[in-house]
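The values are calculated or read from the model by the stated rules, or taken from the named source; none is laboratory data. The model shown is predicted, which means the values in this text are computed figures rather than measured ones. Please note: Cβ atoms are built from the backbone with ideal geometry, for glycine as well, and neighbour counts cover all protein chains shown.
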């Protein structure tokens with residue numbers, strides 16, 4: 001269930017900044033202010049998005065999808081850590 005942010009429509013409300021939050025379903029009616037019980041207006045807020053992408057950086061993830069991953073050893077020299085391809089890539093100009 002999402003958390004909705006509301007603004008109290010009562011100008012005389014003594015609540016903190018006249019804003020409050022409620023955890024409720026989308027189809028539920030607007031929640032009243034917890035301080036004055038006057039119905040509030042639902043505000044549009046930025047969503048909270050949690051991303052857990054650390055598993056995308058693992059060598060197994062690259063190999064299973066046909067990619068090759070290299071790690072820099074020194075300037076112009078890279079060593080393969082996952083996938084198929086040459087074990088070491090180096091710049092012949094160095």
> Among 28, 21, which is the only one that is part of a loop (DSSP other than H, G, I, E, B) and at pLDDT 85 or above?
Replying inline: 28
> Does segment 1-39 hold any residues that are more than 28 Å from the chain's Cα centre (by Cα) and in contact (Cβ under 8 Å) with a residue 24 or more places away in the chain, and which are they?
Replying inline: 8, 9, 10, 12, 13, 33, 35, 36, 38, 39
